[in-house]
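Derivation of every value follows stated rules applied to the coordinates shown; laboratory data play no part. What you see is a predicted model, and the numbers here were worked out from it, not measured in a lab. All Cβ positions, glycine included, derive from the backbone under ideal geometry; neighbour counts span all protein chains shown.
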Amino acid sequence: MEQIILQWGPLVLVVVMFIVQNHIFVTPVELEKKHREILKDVERKYVSIYSFNSLKDQFSEIKTVVNKIYDLLIKKEEE
């Protein structure tokens, strides 16, 4: 048993140190922190679907108004 520990001990120690230094495994606290960072980045860079749909509706209304104005101008020009 002692011989196995002496043989594999250094390798196990090196593997454990590699895992600790490179943060291969994370704690739930670190995972939650990263999750919050990602959510903040997403909120800063992207728009919500509600805002997008609202803006799309506004553009649709603007397009309708512009088309009406265009039709009035054409009608007035024909007169």
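What chymotrypsin sites (Phe, Trp or Tyr not before Pro) does the stretch 1-71 have in DSSP loop regions with at most 15 other beta carbons within 10 Å?
For chymotrypsin sites (Phe, Trp or Tyr not before Pro) across the stretch 1-71 that sit outside H, G, I, E and B with at most 15 neighbouring Cβ atoms in 10 Å, the list reads PHE25, TYR46.
Within the chain, how many Lys pairs sit with Cα atoms under 23 Å apart, leaving out pairs fewer than 8 places apart on the same chain?
7
With only alpha-carbon pairs counted, each pair once and no self-pairs, how large is the Kirkwood hydrodynamic radius of the chain in angstroms?
About 19.3 Å, per the Kirkwood formula over Cα pairs.
Suppose the chain between VAL65 and TRP8 were pulled fully straight at 0.36 nm per residue; how much longer would it get relative to their current alpha carbon spacing?
Extending this stretch completely gives an extra 12.7 nm.
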